[in-house]
Amino acid sequence: MNQRIVHHPVLGSLDAGKSLHFRFNGTTYPAYEGETIAAALLASGVRTLRVHEEKGTPRGIYCNIGHCYECRVTVDGVPTVRACMTLVQDGMEVTAGVVLPTPLKKGGHSQ
Ligand code: FES
């Protein structure tokens, strides 16, 4: 089943032009020019864009219109980028968030 998002409620319709490639957590994925990071990953079957900073539970696309920040990733070293609103650039490096230490909370861990 094709899970490609071909119409974004804010960014408009995907014309599926030039093919691009980008990396997510070290793996190379295809995309089309004009496609968001979230849409390109979903089209490749990737639904987890990050994990909850404390609990480690998976997070992905929720609103897909830039409101909820559930899809935040790091892009070329810039954190807290909304994958659902950011267009893929050829050669872009994207990484998911990780569980962060919570040393002040009972049961938390420190480094
Ligand atoms: S999914 Fe809500 S801001 Fe991206």
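The values are calculated or read from the model by the stated rules, or taken from the named source; none is laboratory data. The structure presented is a predicted model; accordingly, all values stated were derived computationally and were not measured. Here the Cβ is made from the backbone with ideal geometry for all residues, glycine too, and neighbour counts use every protein chain on show. Only protein heavy atoms, including side chains, enter the accessible area calculation; ligands, DNA and RNA are left aside. Shrake-Rupley method; radii C 1.70, N 1.55, O 1.52, S 1.80 Å.
Quick check on the stretch 99-111. Is at least one of its residues within 16 Å of the ligand (Cβ to nearest atom), open to solvent by less than 60 Å² (accessible area, probe 1.4 Å) and in contact with a Pro (Cβ under 8 Å, 6 or more places away or on another chain)?
In the first step, residues of the stretch 99-111 are kept if they are within 16 Å of the ligand (Cβ to nearest atom); the result is none.
No.
Mind counting the residues in the stretch 32-64 that are open to solvent by 50 Å² or more (accessible area, probe 1.4 Å), of a type outside the set (D, E) and either farther than 22 Å from G17 by Cα or under 9 Å from the mean Cα position of the chain (by Cα) (or both)?
Residues meeting the conditions: 8.
The conditions are (1) at pLDDT below 95; (2) closer than 30 Å to K106 by Cα, and V73 fails exactly one of them. Which is it?
That leaves (1) as the condition not met.
Could you tell me whether G91 is assigned to a loop (DSSP other than H, G, I, E, B), open to solvent by 40 Å² or more (accessible area, probe 1.4 Å) and touching an Asp or Glu at 6+ places or on another chain (Cβ under 7 Å)?
no
Need the failing condition index for V81 against (1) within 12 Å of the ligand (Cβ to nearest atom); (2) more than 20 Å from R4 (Cβ to Cβ); (3) open to solvent by 60 Å² or more (accessible area, probe 1.4 Å), just the number.
Unmet condition: (3).
Hey, could you check the stretch 65-78 for residues that are within 11 Å of the chain's Cα centre (by Cα) and either open to solvent by 60 Å² or more (accessible area, probe 1.4 Å) or farther than 17 Å from T27 by Cβ (or both) and say which is farthest from the ligand (Cβ to nearest atom)?
Only one residue tops the list, namely R72.
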